[in-house]
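Have a look at the structure below before the remarks.
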Amino acid sequence: MYPHSSAPHRQAPARPQTASQQRGMENVDVVSTFSNQRASSDSEDVQDTFRGGVASRAIDYPLAYDVQVEEDVTKVVADLDLQSMATGGSHMQSGGGGALMSSSGFRPAGLKCVNTLTGHHSGVRAIAVHNDRVVTGSYDNLIKVWSVETGACEATLDGHTAWIRCLLMHAREPLLYSGSDDGLVKVWRVDSFKLVHDLRHESEPCGGILALAIDYDREWLIAGSYCASIFVHDLRSYQLLHRLRGHRSAVRSLVVYNSCLLSGSYDRTVKLWDLADAGAALGSLGTRGSVWVLAAHDGLLLGAIGDSSIKVWRMDTWEQIATLSGHRGLVLALTVYRDRLISGSDDRCIRVWRMHTWECERILTGHNGGVVGVCMVNGNLISASNDSLIKVWNASGIQRPFTSTGIRR
C-alpha cells in the first residue's frame with residue numbers, strides 16, 4: 001500500500017533493496033555466455049521505494065512506445081565514462097533463462113537492407129509509425145511522412161523552428177504529436193497533413209521537448225522537457241493540467257504502463273508516477289548512468305543506460321534480472337516485436353535480442369551514423385539514423401523502388 005497516505009490499497013511489488021544493501025552485494029562481471037547466476041542490481045541509490053503496483057494492473061489500451069534521440073551532449077549530465085563502454089561481443093548477465101516463446105516467424109538471420117529512404121537534409125532524430133507509414137523528424141526541423149510499401153515521401157510537415165526531438169502517433173486517431181527544441185508540441189492530422197494545434201509553455205519555460213507519451217484512460221498527453229519537468233495536457237482541450245516535478249535534469253524518456261508513468265532522465269533515475277492519482281510521485285530508482293530510452297513489455301521494464309548497456313527489471317519486484325551489453329556506444333533506441341528486442345546504438349549498429357534468453361541473434365550494419373530509431377511495420381524493420389537515412393530491412397531480399405519527392409505542407 002501507499003505508506004503515509006490515505007490512497008486506496010493496491011497490490012504492490014516488493015520493495016527494491018536499499019542503497020546500503022546494494023552496496024553490500026558483489027557485482028557480477030558481465031559474461032559473454034548465458035549464465036544461470038542471477039544478476040546483481042546496478043542501481044546505485046533508491047531515493048524512495050516504488051510503492052505502486054505496475055505489472056499487476058489491468059490495462060485495456062494498446063501500448064505505444066516511441067523512440068527519440070538526444071545527441072547534444074552539452075545538455076547531458078556529464079556522467080558518461082566512455083572508457084567503460086563495452087568493446088566487443090554479445091555479453092549479458094541474466095538470472096534464469098525462462099521458457100522460450102513460440103516462434104514468431106520473425107527471422108533475424110535473414111534480414112537484409114532492401115530499401116533506403118532519402119530526403120532529409122540532416123540527421124534523423126525521431127521516428128513514429130502510423131499503419132503502413134513511417135514518420136521521421138530531423139535536425140533540419142522538418143517532419144516527413146513515408147510509405148513503407150513504396151518508399152515514397154508522401155508529405156513534408158514544416159512548422160517547427162528548431163530540431164525535432166520526438167514524435168508520437170495517437171493509437172486510435174490519425175493524430176501526430178511532435179516535440180521540438182523550440183519548446184512547442186505540435187499536433188498534426190496525418191490524413192490531411194494539416195497542423196491542428198500548438199501547445200505552448202510560455203508561462204512554464206521548458207527549454208525543449210524531449211519525450212512524449214499518452215495516457216489513453218485519462219486522455220492525457222504527457223511531455224518530458226529539458227527543464228526536468230513533465231507536463232500533462234488534456235488531449236481534447238490541450239489545457240495544461242499538471243506539472244510533475246522531481247527530476248533534477250532533462251527528462252529523456254516516458255512510458256505509460258498500467259496507469260503508471262515511468263520517466264527516465266539524465267539525472268540517472270527512473271521515476272514512477274501514479275496517473276490515477278493526478279501524477280503523484282511513487283518512488284525513484286537510481287542507475288549508474290543517464291537513462292536514454294525506456295520500454296515496457298509483458299511486465300518487464302527495459303532501459304538503455306549511459307554505459308552502453310540495456311538493463312532489464314521485473315516490474316512486480318523491481319529486481320534487475322539481466323544486463324545486455326555488446327553495443328560499443330550509447331543505446332539510443334529500443335523496440336519490442338513479439339519475442340524479440342531490437343536496439344539501435346551510437347555505434348551505428350542494430351542488434352536483435354531474443355527475449356527471456358537475452359542472446360544476441362543478429363547484428364545489422366549499414367548506417368554511417370548512430371541509429372536513433374527502430375520500429376516494425378508490416379514485418380519490416382525500419383531504422384533511422386543521424387546519417388539522415390531511413391533503412392528498410394526484411395527477410396525477403398526484394399529491393400523496392402522508392403522516391404524522395406513529397407508535398408510540402
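The values are calculated or read from the model by the stated rules, or taken from the named source; none is laboratory data. This structure is a prediction, so every number in the text was calculated from the model and none was measured. Cβ placement follows ideal geometry from the backbone for every residue including glycine, while neighbour counts extend to all protein chains displayed.
Answer yes or no: is there a residue in the stretch 304-315 that is among the polar types (S, T, N, Q) and farther than 25 Å from Phe231 by Cα. Spell out how you get there, then give the answer.
The initial filter retains those residues of the stretch 304-315 that are among the polar types (S, T, N, Q), namely 308-309.
Checking the rest, the ones that are also farther than 25 Å from Phe231 by Cα come to 308-309.
Looking for residues that are among the polar types (S, T, N, Q) and farther than 25 Å from Phe231 by Cα, one finds at least one in the stretch 304-315, hence yes.
Conditions (1) aliphatic (A, V, I, L, M); (2) closer than 21 Å to Ser253 by Cα; (3) part of a loop (DSSP other than H, G, I, E, B); (4) free of Cβ contacts under 8 Å to residues at least 24 places away in the same chain, marked per residue:
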{"site": "Lys311", "(1), (2), (3), (4)": "no, yes, no, no"}
{"site": "Leu324", "(1), (2), (3), (4)": "yes, yes, no, no"}
{"site": "Ser343", "(1), (2), (3), (4)": "no, yes, no, no"}
{"site": "His356", "(1), (2), (3), (4)": "no, no, yes, no"}
Open item on the list: Taking the criterion of being touching a residue at least 60 places away in the same chain (Cβ under 8 Å), crowded, with 18+ Cβ neighbours inside 10 Å and not aliphatic (A, V, I, L, M), would at least one residue in the stretch 276-284 satisfy it?
Closed with: yes
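Is it the case that Asp198 is surrounded by fewer than 20 Cβ atoms within 10 Å (Cβ to Cβ) and either assigned to a loop (DSSP other than H, G, I, E, B) or in contact with a helix residue (DSSP H, G or I) (Cβ under 7 Å, 6 or more places away or on another chain) (or both)?
Taking the combined requirement at face value, the residue does not satisfy it.
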Open item on the list: Considering only the stretch 183-191, I want to know if a residue exists there that is modelled with pLDDT of 95 or more, more than 17 Å from the chain's Cα centre (by Cα), surrounded by fewer than 22 Cβ atoms within 10 Å (Cβ to Cβ) and under 20 Å from Cys375 (Cβ atoms).
Closed with: no
TODO: Take the stretch 137-152 and flag every residue that is in contact with a Leu (Cβ under 9 Å, 6 or more places away or on another chain) and polar (S, T, N, Q).
DONE: none
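Being under 21 Å from Ser178 (Cα atoms), in contact with a Lys or Arg (Cβ under 7 Å, 6 or more places away or on another chain) and not small (Gly, Ala, Ser) is the requirement here; does Leu210 meet it? I'd like the intermediate steps shown before the answer.
Details: under 21 Å from Ser178 (Cα atoms): yes; in contact with a Lys or Arg (Cβ under 7 Å, 6 or more places away or on another chain): yes; not small (Gly, Ala, Ser): yes.
Yes.
Which one of these is at pLDDT 80 or above and within 20 Å of the chain's Cα centre (by Cα): Gly159, Gly137?
On the way: Gly159 fails: within 20 Å of the chain's Cα centre (by Cα).
It is Gly137.
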Task: Members of the stretch 149-184 found to be over 15 Å from Ala128 (Cα atoms) and β-branched (Val, Ile, Thr), listed by number - done: Thr150, Thr161
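Go through the stretch 233-277 residue by residue and tally those that are charged (D, E, K, R) and within 15 Å of the chain's Cα centre (by Cα).
First, the residues of the stretch 233-277 that are charged (D, E, K, R): 234, 236, 243, 245, 248, 252, 267-268, 271, 274, 277.
Narrowing further to those that are within 15 Å of the chain's Cα centre (by Cα): 252, 271.
Number of matching residues: 2.
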Task: Given (1) of a type outside the set (Lys, Arg); (2) more than 24 Å from His297 (Cα to Cα); (3) modelled with pLDDT under 95; (4) in contact with a Cys (Cβ under 9 Å, 6 or more places away or on another chain), number of the condition His367 does not satisfy - done: (3)
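Conditions (1) farther than 19 Å from Leu199 by Cβ; (2) exposed (fewer than 14 other Cβ atoms within 10 Å of the Cβ); (3) of a type in the set (A, V, I, L, M, F, W, C), marked per residue:
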position: Gly110; (1), (2), (3): yes, yes, no
position: Asn115; (1), (2), (3): yes, no, no
position: Tyr139; (1), (2), (3): yes, no, no
position: Ser147; (1), (2), (3): yes, no, no
position: Cys166; (1), (2), (3): no, no, yes
position: Glu173; (1), (2), (3): no, yes, no
Open item on the list: Going by what's in this entry, would Ala296 be described as among the aliphatic types (A, V, I, L, M), surrounded by fewer than 24 Cβ atoms within 10 Å (Cβ to Cβ) and closer than 27 Å to Ile350 by Cβ?
Closed with: yes
